[in-house]
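Here is the structure we will look at.
The values are calculated or read from the model by the stated rules, or taken from the named source; none is laboratory data. Since this is a predicted model, take the numbers as computed values, not measurements. Cβ placement follows ideal geometry from the backbone for every residue including glycine, while neighbour counts extend to all protein chains displayed. Remember, those area values only see protein heavy atoms, side chains included, never the ligands or the DNA or RNA. Shrake-Rupley method; radii C 1.70, N 1.55, O 1.52, S 1.80 Å.
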Amino acid sequence: MALTIASLKKGQRAIIKDFSVDVVPLKLLEMGCLPGNEVSLVQIAPFNDPLYLNINGSHLAIRRETACNIEIELL
Amino acid sequence: MAKHINVALVGNPNTGKTSVFNRLTGLNQKVGNYPGITVEKKQGNCKFGRACKVHVLDLPGTYSLNASSLDENVVIELLLNKNDKDFPDVAVVVADIENLKRNLLLFTQIKDLGIPTILAINMSDRMKRKAITLDIPLLEEKLNTKIALISSRKNLGFDYLKELIENYNQLPTRPCLNASEIAPEYFDRLRNAFPNQDLYKLWLVITQDVNFGKLDRKELKGVASFQTESPSNLKRLQQKETVIRYKFINDTLKETLHIDAANAKDLRSRLDRVLTHKVWGYVIFFSILMLIFQAIFDWSEYPMDFIDRSFASLSEWTKNAMPAGQFTNLVSEGIIPGIGGIVIFIPQIAFLFLFISILEETGYMSRVVFLMDKLMRRFGLSGKSVVPLVAGTACAIPAIMATRNIENWKERLITILVTPFTTCSARLPVYLIIISLVIPDTRVLGIFSLQGITLMFMYILGFGAAILSAYILDKILKISTKSFFLVEMPNYKLPLPKNVLITVIEKTKAFVYGAGKIILAISIILWVLASYGPGDFNNAEQIIETEYASQNLSEKELEMHVESFKLEHSYIGHVGHFIEPAVRPLGYDWKIGIALVTSFAAREVFVGTLATIYSVGSDDEQTIKSRMAAEVNPILGGPLFNFASGISLLLFYAFAMQCMSTLAIVKRETNTWKWPMWQLVVMTAIAYVFALVAYQTLK
Ligand SMILES: Nc1nc2c(ncn2[C@@H]2O[C@H](COP(=O)(O)OP(=O)(O)OP(=O)(O)O)[C@@H](O)[C@H]2O)c(=O)[nH]1
Ligand SMILES: [Mg+2]
């Protein structure tokens, strides 16, 4: 199984590889979540969801179910 | 000749548009609540020099011109519609130096629409701290624009920005990108079909509702049918557009922007470690809430008492100073008590908005959203529902408008439906007056005031009702939507006092004028209905005189009997008696019945109504409260406002949907009468049942 953002540990960094347009909303792309950009996990909320990320310099939080769809490659 | 320029401030959320707007226009602004459009656009005017009048529009933040929420759609509708009277001569894209990369996406899109565009890079005061350097001349060249490096906090760079705005017709309008690069073949087809149109604009119109279904398209009819591609294909092309734009931006910034990460100071992560901690995060959040409530009730008590007493004196003074007659009575018994009933809220509303705006300004609200999302989702809500629920303690109307950024329609709908349960400031005067009448002024454990605890309990009851009904709604509403959630975590910032002040003044003003109009109208109508009547009303003196002829009453006592006879036989008295059977099981008399009816327009009318009803015919200087305390239950004897009827009233007000403006806003936000009607019926039924049970068990 491929690694996704949801499997990142706190402080880990990775490069976004691939995802399907149909499950990942355009909004996320506009925030800089594009293949080739860097992502790191800043913080996980209590009860394990949502995830607080730094994507390409933008700080944002998304839910685990979305994060599961974005494949990464660890740095 | 005076030059007139329309300026629109656009940019990503939180980049400082409103701060720039406040800097440009000062306090010289008016809030436009445009009918039909679902969002507040703020506009203001200012003058540059002698001959240049500038009209500035502050728009809601948007990440791109691809609409995915109502908020963003306002911006797109404006920029695509050349005929709009607010269509800008020049767009100022406000960008945040720390998020320049992401901010430029929107910039390039607006630029490609052919609108003269200035790039205002804000928050330049933070460059040093974050070790950022920027090659502005080179960036201007690459982006084909003029750049003003500004700081609205430190008031830097605004002279140059004004100069650029004034000379907007010298701005280069060449696009950043060639739109047809997105899909050459598709754009060729477009060009053939609509040879005279701007291609990029066409593309935006066509793709406008791909992500977002419910738009009222106002323009370019016929284009919508040019759907030769499937929605998922269009989506793919939009994605491609984003990728192309980001590539351009990344290449541009690589040469012009430099961040020396090693020298940057990082306050964010240190604060986040505490504020989003799984224990401390909650402790801090609830402490802040407690502090807010405590402050609101302790601090605003003094100005409120003062206002109450001043209006009672004013009313008395008018009565004595003006020539006796019906007009004087209208002013002293109808209008002044009515206005007093609204002015009295100003201290609390101002405090509430003060706190909310500080929480938003500092960036803390996003952390609350992050912290609460998982918990709220159990109840069918989103972390973002916390903001409306907290804002609902001020007023449900802005709170319901604040649901717009909830991406998931079902979560958004549930939030809209349950928000009116939270204790808004309009309920507060009702609670305060009833609690002070029926709850003893004693202390529990020596420190906590019992009245204060009761009030706190009413707030908890409101939140509880909201959460519980959300849970039930989540189970019964069959709406399938794709779950999606995205919240930006902004940098922590010290709030800008001017921003906070302007927000507080603006919101308080809107509340006072909005509610004030209704209350004033209702007080006048009430006064008229209470001062005139059919049949017996006009023979009151005779009837009373014959009835009490044997009792040898003083002049004064006789007059009192006449007045109360008159009130009971006035038009309003008849209305009250008509509904009395419905409200008697709840422990109310016909006067409270009238107040319930009038407060269907707005809850805060309750106190004003009772003030008006009780002041008709009473002539000594009394506050509303002492008048209410003196009321006697006509059937059972004893004070009308006793423990049982008081609790019953509190519960009724806690649950009932009594606010026409909220119903109107829900209709506007949900686009159907179904949901507001649902709220009206269900909430009122719940209120009636609770009040009934409470009164019948306690009496
Ligand atoms: N350090 C610094 N902070 C600023 C500056 N300008 C604005 N801010 C802060 O940035 C935050 C956002 O400012 P707003 O003016 O509300 O931003 P906005 O673009 O209107 O935000 P939305 O209306 O939510 O889209 C506030 O906390 C401001 O105090 C600036 O020049 N320097
Ligand atoms: Mg703003």
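General observations
- Check on B:Thr393, crowded, with 24+ Cβ neighbours inside 10 Å, of a type in the set (Val, Ile, Thr) and away from chain A (no Cβ under 11 Å): yes
- Qualifying position, being over 30 Å from A:Pro35 (Cα atoms), among the basic types (Lys, Arg) and surrounded by fewer than 16 Cβ atoms within 10 Å (Cβ to Cβ), among B:Lys247, B:Lys265, B:Lys254, B:Lys278: B:Lys278
- Failed criterion for B:Asn405 (all others in (1) under 17 Å from B:Ala470 (Cα atoms); (2) within 14 Å of another protein chain (Cβ to nearest Cβ) hold): (1)
- Condition met for B:Val343 (under 26 Å from B:Leu468 (Cβ atoms) and either under 24 Å from the mean Cα position of the chain (by Cα) or in the same structural domain as B:Ser523 (by TED's automatic domain parsing) (or both)): no
- Among all positions in region B:339-352, there is at least one residue which is part of a loop (DSSP other than H, G, I, E, B) and either in contact with a helix residue (DSSP H, G or I) (Cβ under 9 Å, 6 or more places away or on another chain) or open to solvent by 70 Å² or more (accessible area, probe 1.4 Å) (or both).
- Subset of region B:47-67 [crowded, with 21+ Cβ neighbours inside 10 Å, within 12 Å of B:Lys162 (Cα to Cα) and more than 16 Å from ligand 2 (Cβ to nearest atom)]: B:Val54
- Screening region B:479-524 for residues that are surrounded by 17 or more Cβ atoms within 10 Å (Cβ to Cβ) and among the hydroxyl-bearing types (Ser, Thr, Tyr) and picking the one that is farthest from the other protein chains (Cβ to nearest Cβ) gives B:Ser523.
- Residue match in region B:116-123 (condition: more than 16 Å from ligand 1 (Cβ to nearest atom) and modelled with pLDDT of 90 or more): yes
- Unmet criterion (only one of (1) away from every other protein chain (no Cβ under 13 Å); (2) farther than 30 Å from B:Met127 by Cα; (3) touching a helix residue (DSSP H, G or I) at 6+ places or on another chain (Cβ under 7 Å)) for B:Phe285: (1)
- Flag for A:Pro50 being free of Cβ contacts under 8 Å to residues at least 24 places away in the same chain, under 26 Å from B:Thr62 (Cα atoms) and open to solvent by 10 Å² or more (accessible area, probe 1.4 Å): no
- When residues in region B:178-202 are screened for being in a loop (DSSP other than H, G, I, E, B) and open to solvent by less than 30 Å² (accessible area, probe 1.4 Å), 2 of them pass.
- Number of residues in region A:51-75 that are facing another protein chain (nearest Cβ under 8 Å) and within 28 Å of B:Lys240 (Cβ to Cβ) equals 10.
- All of B:Phe370, B:Phe379 fail the test of being within 14 Å of chain A (Cβ to nearest Cβ), not charged (D, E, K, R) and not in a helix (DSSP H, G or I), apart from B:Phe379.
- Residues that are within 12 Å of ligand 1 (Cβ to nearest atom) and within 14 Å of chain A (Cβ to nearest Cβ) within region B:42-68 comprise B:Gly61, B:Thr62, B:Tyr63, listed in sequence order.
- Hey, A:Glu65 surrounded by fewer than 20 Cβ atoms within 10 Å (Cβ to Cβ), acidic (Asp, Glu) and over 24 Å from B:Pro231 (Cβ atoms) or not: no
- If you go through region B:124-171 and keep only what is part of a loop (DSSP other than H, G, I, E, B), within 16 Å of ligand 1 (Cβ to nearest atom) and touching a residue at least 24 places away in the same chain (Cβ under 8 Å), you end up with B:Met127, B:Arg129, B:Lys130, B:Ala131, B:Ile150, B:Ser152, B:Arg153, B:Lys154, B:Asn155, B:Gly157.
- Helices (runs of 4 or more DSSP H) wholly inside region B:384-495 containing at least 2 residues that are under 15 Å from B:Leu650 (Cα atoms): B:427-438, B:450-476
- Options B:Gly16, B:Gly32, B:Gly44; residue that is touching a helix residue (DSSP H, G or I) at 6+ places or on another chain (Cβ under 8 Å) and either at pLDDT below 85 or within 16 Å of ligand 2 (Cβ to nearest atom) (or both): B:Gly44
- Taken together, the residues in region A:1-21 that are assigned to a loop (DSSP other than H, G, I, E, B) and farther than 24 Å from B:Asn103 by Cβ amount to 9.
- B:Ser449 meets the conditions (1) open to solvent by 40 Å² or more (accessible area, probe 1.4 Å); (2) out of contact with any helix residue (DSSP H, G or I) (no Cβ under 7 Å at 6 or more places or on another chain) in every case but one. The failed one is (1).
- For B:Ser310: the one exception among (1) farther than 30 Å from B:Lys128 by Cα; (2) within 14 Å of chain A (Cβ to nearest Cβ): (2)
- Among the residues of region B:73-97, those identified as within 26 Å of the chain's Cα centre (by Cα) and in a helix (DSSP H, G or I) are B:Asn73, B:Val74, B:Val75, B:Ile76, B:Glu77, B:Leu78, B:Leu79.
- Meets criteria (of a type in the set (S, T, N, Q) and at the interface with chain B (Cβ under 7 Å from one of its Cβ atoms)) for A:Gln12: no
- Taken together, the criteria exclude B:Thr108 from residues that are in contact with a strand residue (DSSP E or B) (Cβ under 7 Å, 6 or more places away or on another chain), over 29 Å from B:Ala51 (Cβ atoms) and among the hydroxyl-bearing types (Ser, Thr, Tyr).
- Evaluating B:Ile476 against the criteria (1) away from chain A (no Cβ under 14 Å); (2) under 26 Å from B:Arg153 (Cβ atoms) leaves one unmet condition, (2).
- Within region A:22-45, the set of residues being more than 22 Å from B:Asn103 (Cα to Cα), within 7 Å of chain B (Cβ to nearest Cβ) and out of contact with any Asp or Glu (no Cβ under 9 Å at 6 or more places or on another chain) comprises A:Asp22 only.
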